[in-house]
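Structure, as structure tokens:
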Amino acid sequence: MKLLRDTWLLFQRQILLMWRTPMWLFFAIAQPVTYLFLFTPFLQKALVPMGAASMKDVYNIYVPGLLVVMCFYTGLFAGFGLLAEVRMGILERARVTPVSRSALLLGRAARDVASMLVQCALITVMSFPFGLTVPLPNLLFAYVLLTVIGLMATAISYDIALTIKNEGALGSLLNTIGQPIALLAGVLLPLAIAPVWIQKLALLNPFSWATNSVRALFWGSLSDPVVWQGTAVVTVLAVITVILSTRLYSRNVS
Amino acid sequence: MIEIKELRKSYRSKRRNGTTTVDAVNGVDLSVAEGEIFGFLGPNGAGKTTTLRMLATLLAPDSGQARIAGVDLLADPAGVRRHIGYVAQGGGTWDEVTAREELVLQGRMHGLAKAEAQQRAAEALAAFQLDEYGDRWCKTYSGGQRRRLDIALGVVHRPKVLFLDEPTAGLDPQSRAHMWEEVRRLRAEGMTVFLTTHYLDEADSLCDRIAIIDHGRIVAEGTPDQLKQQISGNVVVVGLGGPTAQAETLLKDKPYVLKLETEGEDALRLYVDAGETAIPQVMRELTDGGVALSTIALHRPSLDDVFLTKTGRSLRES
Ligand SMILES: Nc1ncnc2c1ncn2[C@@H]1O[C@H](COP(=O)(O)OP(=O)(O)O)[C@@H](O)[C@H]1O
Ligand SMILES: [Mg+2]
């Protein structure tokens, strides 16, 4: 109960801070919007092997990938905000109070995930005029999945940030690992059109499972086995990474 | 209220040529009475912050014991946290929130209900004279206002003991005076205040008792007056208006000079048993030796003299 109360308390504070500095939203959606308007129109021919017969199909294949990559990148860079707060001494101040240690981290993570969902919603809404169609139950389920994916990416970022504790090194590291993970998740182009060895390699990438699930949902098949498989993979990993990061956080923020 | 025994902490840091160990706090024993303003005086790097962070449960000691408000630090850190407030050297507030919002959050983090936290925040703003700026963003605050807010945040839950790390470092004289008043007010309300400082005048005029720390060890402890009395005799400062070498040679072996230091380029600082009789002797010696002197003054020893005799260095220089 205390954990929930404290998490809610810190979540509210984090949301307030975001509300007061709305510039983040502009930067957060500038890139996906660019992709949506300038990159997607190129894709029709490329996506024919995936069954894309029309521009509408292209959006149905491409938008889910875009949403996953957005959650992935926004989450991956969440560690910076965490380290900034450590540097500002916010944490020291909070740690002398009896507030729950895990809540300090979870309140932040909840904020990071909430901001991702706002970005996702904007991109989804902008895609409807281009012919994106997705049944409502599938869309809702996809958002649940995106929440878990975002939470996992955020927790991974926190884990790395709390381990290396250096904002400069964190930037280079995330850029280095972010690119291959995103490509191997098939977010820009579906892995179905990739060489076999890349498809095999992608099986090791949880984000690839996530992309496949979200894409299947947007394609309209709630019952496709890849949906529950992907959901299981990201849920298990999200739980593990979140627990790990709260552990790291309570132990090592001294 | 605070009892510390043999507290130790060393840091290991990796360098290119292997690891080095810094004994940041090297066996500190202290006791602080209830309702006291206790000052921890020492140069940068002496181990003040490290000690304070250990007492505030932020850092685990390597060894040693401490009891704060009757609660054992190692056995029950959460219990200690209920009785203490801690204000870090660098504060710790977000930029885009107001003082009132920070105070409410702080109260809520201490477990208060919303209405009560709001009530306390309003009281704190009034008590620390932040009413006027209470609803402005923290990033617009002056150094003094920000520091007052830091302290207000540290006491919103009415702790018995308040730890203040360098409360006035970098403040202008007026803000410092204001801050001293706030600290005295807290003592008047019954709080025990443990602060660190590297300012001599702050230790001297604000603190009831002080401990001087250097290289992680306490080198002296007592009221400022007791410490100054430990330095036998007085200090005579001789202004020469020029090089000091010749005067130094003349005076350094005289039986009434206990210790001799240069002060700046053109003055000498003599520690003597009795200033009143030393002054005529010094003047005669220098005149006979053909050295002109421009000023001569008798000082009561300062805390810096205490520091100097205990460590061989001046706090002003380190
Ligand atoms: N995190 C740390 N890692 C390594 N050395 C440290 C760390 N923090 C402090 N030190 C060293 O410990 C000593 C005492 O530091 P500190 O307690 O901050 O002194 P003060 O507050 O009196 O200026 C210094 O030599 C400082 O360099
Ligand atoms: Mg310090």
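The values are calculated or read from the model by the stated rules, or taken from the named source; none is laboratory data. In this text, all values refer to a predicted model and were calculated from it rather than measured experimentally. Using ideal geometry, Cβ is built from the backbone for each residue, glycine included, and neighbour counts are taken over all protein chains shown.
Between B:Val257, B:Val238, the distinction of being touching a residue at least 40 places away in the same chain (Cβ under 8 Å), farther than 15 Å from B:Pro167 by Cβ and over 25 Å from the mean Cα position of the chain (by Cα) belongs to B:Val238 only.
One residue alone among B:Met109, B:Met1 is out of contact with any Cys (no Cβ under 7 Å at 6 or more places or on another chain), within 28 Å of B:Ala211 (Cα to Cα) and modelled with pLDDT of 90 or more, and that residue is B:Met1.
Wholly within the range B:124-239, which strands (runs of 3 or more DSSP E) include no fewer than the required count, namely at least 1 residues that are within 16 Å of ligand 1 (Cβ to nearest atom) and within 14 Å of another protein chain (Cβ to nearest Cβ)? Walk me through it before giving the result.
Numbers: elements: B:161-165, B:192-197, B:209-214, B:217-222, B:234-239.
Hits in the range B:124-239: B:161-165, B:192-197.
When the test is whether a residue is part of a helix (DSSP H, G or I), within 25 Å of A:Phe26 (Cα to Cα), touching a residue at least 60 places away in the same chain (Cβ under 8 Å) and of a type outside the set (Lys, Arg), A:Thr163 does not pass it.
State all residues of the range B:13-37 that are more than 16 Å from ligand 2 (Cβ to nearest atom) and either within 14 Å of another protein chain (Cβ to nearest Cβ) or within 19 Å of B:Asp204 (Cα to Cα) (or both); if no residue qualifies, say none. Answer for the range B:13-37, where residues must be more than 16 Å from ligand 2 (Cβ to nearest atom) and either within 14 Å of another protein chain (Cβ to nearest Cβ) or within 19 Å of B:Asp204 (Cα to Cα) (or both): B:Ser13, B:Lys14, B:Leu30, B:Ser31, B:Val32, B:Ala33, B:Gly35, B:Glu36, B:Ile37.
From A:Met1, A:Met55, A:Met88, A:Met23, grab the single residue that is of a type outside the set (S, T, N, Q) and touching a helix residue (DSSP H, G or I) at 6+ places or on another chain (Cβ under 9 Å). Explain how you work it out, then say what you get.
Details: A:Met1 fails: touching a helix residue (DSSP H, G or I) at 6+ places or on another chain (Cβ under 9 Å); A:Met88 fails: touching a helix residue (DSSP H, G or I) at 6+ places or on another chain (Cβ under 9 Å); A:Met23 fails: touching a helix residue (DSSP H, G or I) at 6+ places or on another chain (Cβ under 9 Å).
Result of the check over A:Met1, A:Met55, A:Met88, A:Met23: A:Met55.
Residues in the range B:19-66 that are more than 19 Å from B:Gly85 (Cβ to Cβ) and among the β-branched types (Val, Ile, Thr) were compared, and the one that is nearest to ligand 1 (Cβ to nearest atom) is B:Val22.
Taken together, the criteria exclude A:Gly186 from residues that are surrounded by fewer than 18 Cβ atoms within 10 Å (Cβ to Cβ), closer than 24 Å to A:Thr124 by Cβ and not aliphatic (A, V, I, L, M). Taken over the range A:97-113, the criterion of being within 13 Å of another protein chain (Cβ to nearest Cβ) and within 26 Å of B:His83 (Cβ to Cβ) is satisfied by A:Thr97, A:Pro98, A:Val99, A:Ser100, A:Arg101, A:Ala103, A:Leu104, A:Gly107.
Determine, yes or no, whether A:Ser127 is closer than 26 Å to A:Leu174 by Cβ and either small (Gly, Ala, Ser) or within 14 Å of chain B (Cβ to nearest Cβ) (or both).
Details: closer than 26 Å to A:Leu174 by Cβ: no; either small (Gly, Ala, Ser) or within 14 Å of chain B (Cβ to nearest Cβ) (or both): yes.
Against the criterion (closer than 26 Å to A:Leu174 by Cβ and either small (Gly, Ala, Ser) or within 14 Å of chain B (Cβ to nearest Cβ) (or both)), A:Ser127 does not qualify.
Of everything in the range A:6-59 that is without any contact (Cβ under 8 Å) to a residue 60 or more places away in the chain and basic (Lys, Arg), the residue that is nearest to A:Val187 (Cα to Cα) is A:Lys45. Scanning the range B:7-18 for residues that are more than 10 Å from ligand 1 (Cβ to nearest atom) and touching a residue at least 40 places away in the same chain (Cβ under 8 Å) yields a total of 2.
Identify, please: which residue in the range B:61-93 is small (Gly, Ala, Ser), within 8 Å of another protein chain (Cβ to nearest Cβ) and touching a residue at least 24 places away in the same chain (Cβ under 8 Å) and is, among those, farthest from ligand 2 (Cβ to nearest atom)? The extreme case among them is B:Gly85. Scanning the range B:94-117 for residues that are more than 9 Å from chain A (Cβ to nearest Cβ), assigned to a loop (DSSP other than H, G, I, E, B) and surrounded by fewer than 16 Cβ atoms within 10 Å (Cβ to Cβ) returns a single hit, B:Ala113. Filtering the range B:256-265 for residues that are surrounded by 19 or more Cβ atoms within 10 Å (Cβ to Cβ), of a type outside the set (Phe, Trp, Tyr) and in a helix (DSSP H, G or I) leaves an empty set.
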